[in-house]
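Heads up: the structure comes next, in structure tokens.
The values are calculated or read from the model by the stated rules, or taken from the named source; none is laboratory data. Given the structure is predicted, the values throughout are model-derived calculations rather than measurements. Note that we place each Cβ from the backbone using ideal geometry, even for glycine, and neighbour counts take in every protein chain shown. These area figures cover heavy atoms from the full protein model, side chains too; ligands, DNA and RNA do not enter into them. Shrake-Rupley method; radii C 1.70, N 1.55, O 1.52, S 1.80 Å.
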Amino acid sequence: MEEIRRLYNIMAIALRKILNRMRERDFERLRYIEPSYENIILHGLREMFPQLYDQETRNVAELMERKLRDSPFISKLEVYIEETEDAEALVFLLRDLDAFLEDSIYRCRPLGQEIWRFMSLNDNAAACGLYILPRVRCNWEHNNRDAYNTYTMLYYLRNFYYVDIKNLEEFTVQHILLPQYMFQNVMKKEELRICVSPLTGENVVNVTEPYIWENEKLTAVKPLEPDAEQKIKAQVLRVLKEAVAQKAEILVFPEILGSREITQMISQELEERNQTLDNEYPKLTVCPSVWESRRNTCTVLDAMGEVLFEQQKHHGAGLKLNLDQELWVGKEDIISDNRIYVLHGRGIGRIAVAICKDFLMTRYLHVLVNVLKVNLLLVPSFSPRDYQFDTLLGKYAAQDWAVVWANTCSARWLGEPENMAAAVTRAYFSGKQGRFKEERFLESMCEKQYTCDGTCLHTYIWQEKEGIG
């Protein structure tokens, strides 16, 4: 493990050298260099670092930690990286190190821990200004999803990517490496099932009258009434049972319709499995977010009910309310910890949660998609309107991303009560199979129109050969 960590540090140092010396035009030229010139560079690398290559095939060798400990290979690499001024040779060296270190991240987990939490694979991030991060396989992602619209170092990397620290701005990011075979059904069947449930169409969310703080009109969300909380609990259990029947890998609930007690109940049910004898509960459950103490927080649980992370909402939405026949608008009065969580799961790639308004914020969405390279974005929402959500779904189609937006019919009660104009849920997938979009409105999901006495659930099925359906 120590040797692998040193190699991650070497990658970071080499990357910083390359980025300081090469511009987009340099990468453009390098992509089309004469093969004989490339062979000269590779011959030199093979001569200097024979441990990196198979001596018979001349391809990149398989990583063997024991051999690393017993050879001067890493020390020679460190000296070379420090002394060389040949940026082009560094590019090809990094390309081969990337292949050499394939799947090495699973050897770096602390002993006895299936889930590994980290900020960066390299521990010299502060000195280099770069985070080295794993790029686990995403079934719908192109090998080079940026190749057609940029010339960068990412073209030469398959198993890793990097983030410049300054591009994260004020956010702190925690990465969570999931067990290697957590999504083995996705890998074997080339199919991903994601269930969403709007939970209720009843008027269960109440907000305070607007108040002024530092010349800003704000409003807060009140706790759920006990009767409403009990109804939602019962509905959540029905949805969980149906999600098992649908063989869902991921289950997503809407924003705001949660409480600490509801989250604890979901966690306990996932742990004890009282509702069904089938152990294949969703691998990830995105609980209804909880509005409490000026924080809007969404808890994500694994299949055994353990908390993977608690994502807070960063941007308050404008909430409408009808007071004395006059429509008031106040901004959701929230603060956040400025943290972003990214799950890394083989078969799906990088997974994140953006709560409602956060999805609409251009700068924040840029961080998630362009900087952190998120493959699957789950968006719990509480919105009576959906135009902006709809228009943004395809904004990053070239980035091979997927979005699942989970709204609720209960949002129709914000402001002037009316029939649900917004979609209840939408999904968008773009990748190797093309672009696919699906949406569900109330009339296509609910026979009884808001009565919510049944199990309200929709399942998106992504198939590698056919897209979603």
Is there a residue being over 24 Å from A220 (Cβ atoms), modelled with pLDDT under 85 and either in contact with a strand residue (DSSP E or B) (Cβ under 9 Å, 6 or more places away or on another chain) or β-branched (V, I, T) (or both) anywhere in region 353-362? no
Limited to region 263-274, what total is found for residues that are at pLDDT below 95 and either part of a strand (DSSP E or B) or open to solvent by 70 Å² or more (accessible area, probe 1.4 Å) (or both)? 4
Out of the residues in region 433-456 that are open to solvent by 40 Å² or more (accessible area, probe 1.4 Å) and farther than 19 Å from R193 by Cβ, which is modelled with the highest pLDDT? R435
Answer yes or no: is there a residue in region 139-147 that is of a type in the set (D, E), buried (at least 19 other Cβ atoms within 10 Å of the Cβ) and within 29 Å of E102 (Cβ to Cβ). yes
Can you tell me how many residues in region 337-363 are closer than 19 Å to L257 by Cα and open to solvent by 20 Å² or more (accessible area, probe 1.4 Å)? 1
Within region 300-319, the count of residues that are of a type outside the set (S, T, N, Q) and under 25 Å from E209 (Cβ atoms) comes to 7
All positions within region 364-388 that are open to solvent by less than 10 Å² (accessible area, probe 1.4 Å), without any contact (Cβ under 8 Å) to a residue 60 or more places away in the chain and assigned to a helix (DSSP H, G or I): Y364, L365, L368, V369
Residues in region 310-320 that are open to solvent by 10 Å² or more (accessible area, probe 1.4 Å), assigned to a strand (DSSP E or B) and at pLDDT 95 or above: how many? 2
Would it be correct to say that D123 is charged (D, E, K, R) and part of a helix (DSSP H, G or I)? no
Count of residues meeting criterion [in contact with a strand residue (DSSP E or B) (Cβ under 8 Å, 6 or more places away or on another chain) and farther than 20 Å from E3 by Cα] in region 47-59: 1
Can you name the condition, by its number, that T150 falls short on among (1) under 21 Å from the mean Cα position of the chain (by Cα); (2) β-branched (V, I, T); (3) open to solvent by 40 Å² or more (accessible area, probe 1.4 Å)? (1)
Would you be able to tell me the number of residues in region 193-207 that are touching a residue at least 24 places away in the same chain (Cβ under 8 Å) and touching a strand residue (DSSP E or B) at 6+ places or on another chain (Cβ under 9 Å)? 8
In region 321-344, anything at pLDDT 95 or above, of a type outside the set (D, E, K, R) and in a strand (DSSP E or B) is listed as I340, Y341, V342, L343, H344
Any residue in region 236-256 that is within 26 Å of V342 (Cα to Cα) and either free of Cβ contacts under 8 Å to residues at least 24 places away in the same chain or open to solvent by 20 Å² or more (accessible area, probe 1.4 Å) (or both)? yes
Anything in region 84-122 that is basic (K, R) and within 28 Å of M22 (Cβ to Cβ)? List them, or say none. R95
If we keep just the residues of region 275-298 that are open to solvent by 10 Å² or more (accessible area, probe 1.4 Å), of a type in the set (S, T, Y) and within 25 Å of E114 (Cβ to Cβ), which is modelled with the lowest pLDDT? T276
Between T459, T408, which is modelled with pLDDT of 85 or more, more than 19 Å from the chain's Cα centre (by Cα) and crowded, with 20+ Cβ neighbours inside 10 Å? T408
Only listed residue being in contact (Cβ under 8 Å) with a residue 24 or more places away in the chain and either out of contact with any helix residue (DSSP H, G or I) (no Cβ under 9 Å at 6 or more places or on another chain) or farther than 26 Å from Q174 by Cα (or both), chosen from L7, L30: L30
Would it be correct to say that T172 is at pLDDT 95 or above and open to solvent by 40 Å² or more (accessible area, probe 1.4 Å)? yes
Would you please name the residue that is nearest to I33 (Cα to Cα), looking only at residues in region 153-164 that are among the hydrophobic types (A, V, I, L, M, F, W, C) and over 18 Å from the mean Cα position of the chain (by Cα)? M153
Answer yes or no as to whether L97 is assigned to a helix (DSSP H, G or I) and surrounded by 15 or more Cβ atoms within 10 Å (Cβ to Cβ). yes
